[in-house]
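Peer 1: The structure follows.
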Amino acid sequence: MLRGLNLILAADVPEDPPWRADFFREYLAVTLPDERRVCWVATDGDDLLGYASILLVGDIAVLELLVRPDARRAGVGTALLATAAKRADAEGYGSIGVEVVGGTPALDFFEAQGFRCAFIEMRNLLDLSAVDWPQLATLAGGVGSGYRLECHPDGPPEPILEEYAKAKATMRLNPAYDLELRPSSYDSERLRASLATLRARGLKPYVVLAVHEQSGTVAGLTEVVVPAQRPTRADQYDTVVVRTHRGYGLGRALKARMLSELRGAEPQLLDVQTWNAVGAEAMGRINDELGFKPNRQWREYEVDVDEVLRRLDAVA
Ligand SMILES: CC(C)(COP(=O)(O)OP(=O)(O)OC[C@H]1O[C@@H](n2cnc3c(N)ncnc32)[C@H](O)[C@@H]1OP(=O)(O)O)[C@@H](O)C(=O)NCCC(=O)NCCS
């Protein structure tokens with residue numbers, strides 16, 4: 001499975017680091033308590049040709065579909081999709097969503113299967129060897145008076161979870177609808193479960209908080225995860241500045257401080273990736289300043305399960 005995944009990455013997204021075996025099983029198997037993942041493999045004797053999974057979350061089945069490059073265009077992807085769609089239907093799910101990497105054959109595949117593009121994000125990459133660290137330290141220090149930044153390796157500590165969830169709930173700078181399993185939860189109970197799930201999947205969370213000193217409230221936060229499966233590339237998740245605390249340089253300072261912390265704590269890191277909704281101006285500007293470069297589109301496609309089943313029946 002891991003070998004197959006790395007062949008696919010090398011063929012389709014060669015700028016991405018190969019995955020390691022560390023926590024790979026947990027990454028595939030662990031979900032939030034109220035979610036379920038169902039997986040299938042397509043094999044030829046002992047050889048793995050393809051893999052599909054659906055994550056049953058809320059009212060949508062989130063699909064992952066992978067076919068080894070040397071086994072493509074032979075109907076394996078279609079067969080796996082048919083199996084997954086039937087299961088989604090049997091579980092009572094009416095739609096399927098999938099995240100597709102721009103510039104790869106999967107776009108043609110899903111368009112051929114009747115999926116519609118619902119949302120486009122841009123993936124940005126920051127090459128850490130190109131960062132001007134002294135300038136970054138200046139940006140990190142640029143918080144308005146009355147605020148302080150706090151770094152929490154291993155995620156937000158238990159006593160502030162309530163406050164933290166509240167800050168997340170107010171508003172996100174990057175409100176992208178997201179299919180990934182992320183700690184995007186806005187109450188402390190769910191946030192706690194999300195953090196436990198992240199850790200169990202081998203994804204190490206880091207958080208930097210901006211604290212409003214007078215009230216002691218969380219004015220802003222930024223989250224990064226370092227995956228055990230590819231520890232040279234970190235994922236920048238949400239950055240939130242609570243509306244009443246905007247305009248004090250917190251967004252930029254939070255992200256800059258995070259990068260400085262990561263440099264010390266995770267010396268193996270080579271780059272950081274982040275996703276922005278096309279048109280998310282404020283965040284885009286901060287990312288430019290920090291040195292993030294647009295890399296590829298990430299497209300979310302959706303389809304009604306009925307529609308997939310109808311089409312597959314028609315060609316069968
Ligand atoms: C997307 C993917 C799963 C398709 O698997 P596959 O086994 O090649 O798909 P199929 O053979 O069933 O293709 C069905 C149809 O899709 C379309 N299609 C698939 N690949 C295509 C390509 N490279 N160019 C144009 N059309 C394509 C064609 O209409 C094809 O029918 P045809 O071969 O009769 O013309 C495979 O390319 C893949 O693993 N990609 C990388 C992983 C990925 O990005 N997955 C999606 C996100 S999780």
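The values are calculated or read from the model by the stated rules, or taken from the named source; none is laboratory data. It should be emphasised that the depicted structure is a prediction, and the values quoted were computed from it without experimental measurement. Cβ coordinates were reconstructed from backbone atoms using ideal geometry, including for glycine residues, and neighbour counts include every protein chain displayed. Remember, those area values only see protein heavy atoms, side chains included, never the ligands or the DNA or RNA. Shrake-Rupley method; radii C 1.70, N 1.55, O 1.52, S 1.80 Å.
Peer 1: Size of the dipole of region 132-290 about the Cα centre, Lys and Arg at +1 and Asp and Glu at -1 on the beta carbon, nothing else charged, in debye to 20?
Peer 2: 100
Peer 1: Any idea which of VAL13, VAL30, ALA71 is furthest toward the positive side of the dipole for region 5-98, if Lys and Arg beta-carbons carry +1 and Asp and Glu beta-carbons -1?
Peer 2: Farthest towards the positive pole: ALA71.
Peer 1: If you plug each phi of region 193-209 into the Karplus form 6.51 cos²θ - 1.76 cosθ + 1.60 with θ = phi - 60°, what whole-Hz ³J(HN,Hα) values come out, in order, with x for Gly and Pro?
Peer 2: 5, 5, 5, 5, 5, 4, 4, 5, 8, x, 10, 8, x, 10, 9, 10, 10
Peer 1: Which FRET efficiency value, to the nearest 0.05, do you get for ALA112 and ALA282 by plugging their Cβ-Cβ distance into 1/(1 + (r/R0)^6) with R0 = 41 Å?
Peer 2: With a Förster radius of 41 Å, E is 0.65.
Peer 1: Taking the Cα centre of region 1-56 as origin and charging only Cβ (+1 Lys, Arg; -1 Asp, Glu), how large is the dipole, in debye to the nearest 20?
Peer 2: 160
Peer 1: Rounded to the nearest 5, what % of DSSP beta bridges with both residues in the chain are antiparallel?
Peer 2: Counting DSSP beta bridges with both partners in the chain, the antiparallel share is about 90 percent.
Peer 1: Treating only the Cβ of Lys, Arg, Asp and Glu as charged (+1, +1, -1, -1), what charge dipole size does the chain show about its Cα centre? Round to the nearest 20 debye.
Peer 2: So the dipole magnitude of the chain works out to roughly 420 debye.
Peer 1: Among ASP288, ASP46, ASP271, whose mean-square fluctuation peaks in a Gaussian network model of the chain (Cα, cutoff 10 Å)?
Peer 2: Most flexible of the set in this elastic network: ASP46.
Peer 1: So, one more: Would you work out what percent of the accessible area of the chain, with all protein chains in place, is carbon or sulfur (probe 1.4 Å)?
Peer 2: Taking all protein chains in place, the chain shows 52 percent carbon and sulfur surface.
Peer 1: Given contacts defined as C-alpha pairs under 8 Å and at least six residues apart, what's the relative contact order of region 37-119, whole-number percent?
Peer 2: In percent, rounded to a whole number, it is 24.
Peer 1: Sticking with this structure for a sec: So what is the accessible area of the chain per residue, in Å², with the probe set to 1.4 Å?
Peer 2: That works out to 46 Å² per residue.
Peer 1: Treating each Cα of the chain as an identical point scatterer and ignoring solvent, apply the Debye formula and state log10 I(q)/I(0) at q = 0.08, 0.13, 0.14 Å⁻¹.
Peer 2: Debye intensities relative to I(0), on a log10 scale: -0.39, -0.99, -1.13.
Peer 1: May I ask you to list the lysines whose Cα is less than 23 Å away from that of LYS255, ignoring any residue fewer than eight positions away on the same chain?
Peer 2: LYS166, LYS168, LYS204, LYS293
Peer 1: Moving to a separate point now. Averaging sequence separations of C-alpha pairs under 8 Å and six or more residues apart, then dividing by the length of the chain, give the relative contact order as a whole percent.
Peer 2: Reported as a whole number, the value is 25 percent.
Peer 1: Using the Cα gyration tensor of region 2-85, with a ≥ b ≥ c the square roots of its eigenvalues, what is the shape: rounded (a/c below 1.5), prolate (a/b larger than b/c) or oblate (neither)?
Peer 2: oblate
Peer 1: Taking Cα atoms, how many degrees apart are the long axis of helix 250-265 and the longest axis of the chain, rounded to 10 and kept between 0 and 90?
Peer 2: Taking the Cα atoms of the chain, the angle to 250-265 is about 80 degrees.
Peer 1: Can you list residues from other chains, or at least 5 along the same chain, whose modelled amide H is less than 5 Å from the amide H of TYR147?
Peer 2: GLU213
Peer 1: If you average the sequence gap of Cα pairs under 8 Å that are 6 or more apart and divide by the length of region 132-290, what percent do you get for the contact order?
Peer 2: 29
Peer 1: Another question, then. Under the classification rounded if a/c is under 1.5, otherwise prolate if a/b is larger than b/c and oblate if not, where does region 132-290 fall, given a ≥ b ≥ c as square roots of the Cα gyration tensor eigenvalues?
Peer 2: rounded
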